[in-house]
Amino acid sequence: MTEQTAMIVGAGKGLSAALARRLVKEGFRVALVARDVEKLAPLVKETGARAIAADAQNPQAMEAVFAEVDAAFGTPDLVVFNAAMRYRGPIEVLDPADVMDSYAVGAFAGFLTAQAAARRMLQRGSGSIFFTGATASVKSMPHSVPFAMAKFALRALAQGLARELSPRGIHVAHFIIDGGISSSWATAGEPGPQDKWLDPDAIADAYLALHRQHRSAWTWEMELRPWVEKF
């Protein structure tokens, strides 16, 4: 298989790290984009991925990121948008500036990422653009309105782009991560049934499987939840 390139925007230590490890194992060249790349130093050392510092809600910054990846690896084959800001609180005390920042990080940055990726992938006629959603993508909860606003918008972006870009050779997919991820929430020796949390490595396997789907049977949305999760 020809060596491919993947970008993960909003990279961190949980799902993004698991995905980076899985992709590198499969021979991908990986670029990790985050505001703070110092936190990614151990992952970069482990995987050999390229870390790029950028604010994903800034159009000029994202163009610079894609230009750097273009120069180093060529047009990405897979772009994963994984950025989010969990700003919480009751409606009467939410700060409008923080709400706007949450929306910009979780939704507008997804648009900028998708636009830059699509412009390049359309020239080649292939590629995958994936968005990481959450339970909040389809169910808004009390005190979590800013997060849900962004996640609802991100799902709308993915749905519209899937319809727009699929006939042009670009696979767009949205993942609803419906439950806590073990690397983020579970603690050693925690009581409860086995596999009560989503395994980030299992999620990474699902992302890779969708990227490799034949275009005659593309998936635009996938829900992932542990077997004990109610829905």
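Below, the figures for the structure above:
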read-out	value
Positive dipole terminus of segment 1-80, leading residue within 71, 37, 58 (C-beta point charges)	37
Charge context of residue 4, other residues only, Cβ under 15 angstrom, K/R +1, D/E -1	+3
Lysine pair count for the chain [Cα-Cα under 22 Å; pairs on different chains or 8 or more apart]	12
Protein accessible area in segment 57-112, 1.4 Å probe - carbon and sulfur %	59 percent
Segment 27-182 - convex hull of the alpha-carbon atoms, volume per residue in Å³	126 Å³
Dipole-positive endmost among 100, 111, 173 within segment 87-177 (Cβ charges, Cα centre)	173
Surface per residue (accessible, 1.4 Å probe) for the chain, Å²	49 Å²
Segment 139-231, dipole about Cα centre (Lys/Arg Cβ +1, Asp/Glu Cβ -1), debye to the nearest 20	440 debye
Residue-count net charge about residue 115 - beta-carbon cut-off 12 Å; Lys, Arg +1, Asp, Glu -1	0
Cα convex hull of segment 116-231, projected area averaged across orientations, nm²	8.5 nm²
Trypsin sites (Lys or Arg not before Pro) restricted to segment 109-169 and DSSP loop, no more than 12 other C-beta within 10 Å	none
Table column - 3J(HN,Hα) (Hz), segment 16-29, Karplus curve with 6.51, -1.76, 1.60, x for Gly and Pro	4, 5, 4, 5, 4, 4, 5, 5, 4, 4, 8, x, 6, 8
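The values are calculated or read from the model by the stated rules, or taken from the named source; none is laboratory data. Values in this document were obtained by computation on a predicted structure and should not be read as measured data. Backbone-built Cβ (ideal geometry, glycine too); neighbour counts: all protein chains shown. Surface accessibility is based on the protein's heavy atoms, side chains included, excluding ligands, DNA and RNA. Shrake-Rupley method; radii C 1.70, N 1.55, O 1.52, S 1.80 Å.
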